[in-house]
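The values are calculated or read from the model by the stated rules, or taken from the named source; none is laboratory data. Remember, it's a predicted structure, so these values are computed and weren't measured experimentally. As a convention, Cβ positions derive from the backbone with ideal geometry for all residues, glycine included, and neighbour counts pool all protein chains shown. These area figures cover heavy atoms from the full protein model, side chains too; ligands, DNA and RNA do not enter into them. Shrake-Rupley method; radii C 1.70, N 1.55, O 1.52, S 1.80 Å.
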Amino acid sequence: MISLGKEGLLRPSLSRRRWEWDKDKIECREMPDDVAMFLKKSIRELPEAVQLSLCTMSCFGASVDVTLIHTLERAMRKTFIGGLDIAVAKGLLDKIGAQYRFSHDRIQEATYNMMRDQHRRLLHF
């Protein structure tokens with residue numbers, strides 16, 4: 001639904017007080033066969049810094065404390081918080097108190113599986 005909205009294929013009509021859509025364009029649109037493929041495609045459309053932040057976080061499980069993220073930023077000399085905040089705005093993560101959490105386990109799984117094995121090994125501490 002979100003991707004249909006982003007593409008302008010599904011939109012609210014405030015004057016008519018209802019949703020409007022372009023049925024022909026929606027039916028012609030190529031849809032992934034499964035959720036994992038859809039999520040990977042959505043994540044790959046994000047800026048590289050956001051992808052790196054998500055991939056790094058995925059190595060630590062479903063949630064990560066901000067303190068750990070700051071420690072990683074210092075150790076790796078990279079910034080992750082900005083990318084994670086963008087992922088929150090996109091609905092991929094939730095920020096609850098001092099923790100970032102994947103909005104769904106399939107998002108964490110898809111992000112984790114996007115990485116090559118050698119890159120994944122570098123991020124596991």
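Annotations for the structure displayed:
Quick grid of which residues meet (1) open to solvent by less than 50 Å² (accessible area, probe 1.4 Å); (2) at pLDDT below 90:
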residue	(1), (2)
Ile81	yes, no
Leu84	yes, no
Leu93	yes, no
Arg101	no, no
His104	no, yes
Thr111	yes, yes
Met115	yes, yes
Leu122	no, yes
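- Number of positions in region 47-74 that are surrounded by fewer than 17 Cβ atoms within 10 Å (Cβ to Cβ) and within 14 Å of the chain's Cα centre (by Cα): 5
- Residues located in region 28-45, provided they are open to solvent by less than 100 Å² (accessible area, probe 1.4 Å), modelled with pLDDT of 65 or more and of a type outside the set (Lys, Arg): Phe38, Leu39, Ser42, Ile43
- Residue count for region 46-103 under the criterion of being of a type in the set (S, T, N, Q) and not in a helix (DSSP H, G or I): the result is 4.
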